[in-house]
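Below: the structure, in structure tokens.
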Amino acid sequence: MSDDKSAASNFIDSAKAKVNEGVDRAKAAGHDLESKMSNNSLDSAENKAKGMADRAKAEVHNAQANANFDEGKRESTDGDGH
């Protein structure tokens, strides 16, 4: 089985990764808010760490989205469509 995906599959995967990126960024913002509102320094530190982890996941999803988009673009212009 070939690892090559069609242009459409790559564009769909890119869109999915962008949605996941947005979800991770929203989670990070929520953790940042919880961190600022916490009266407990341990809870605050935990929420800061969770926010950092979610931002890192968002960056990974962004890279995946860009790679899938670029591959979809390449597939759509190379003539065979997949």
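The values are calculated or read from the model by the stated rules, or taken from the named source; none is laboratory data. Since we're looking at a predicted model, the values are computed, not measured. Neighbour counts run over all protein chains shown; Cβ positions are idealised from the backbone, glycine included.
General observations
- Segment 30-40: number of residues that are surrounded by 13 or more Cβ atoms within 10 Å (Cβ to Cβ) and part of a helix (DSSP H, G or I): 5
- Every listed requirement among (1) modelled with pLDDT under 95; (2) of a type in the set (S, T, N, Q); (3) buried (at least 18 other Cβ atoms within 10 Å of the Cβ) is met by Ser14 save one, (1).
- For segment 60-82, filtering for residues that are at pLDDT 95 or above and either exposed (fewer than 13 other Cβ atoms within 10 Å of the Cβ) or over 17 Å from Ala17 (Cβ atoms) (or both) leaves 2.
- Yes/no for Asn66 being on the phi < 0 side of the Ramachandran plot and out of contact with any His (no Cβ under 6 Å at 6 or more places or on another chain): yes
- Comparison of Asp24, Asp43 shows that the only residue that is free of Cβ contacts under 8 Å to residues at least 12 places away in the same chain, surrounded by 13 or more Cβ atoms within 10 Å (Cβ to Cβ) and either at negative phi or part of a helix (DSSP H, G or I) (or both) is Asp43.
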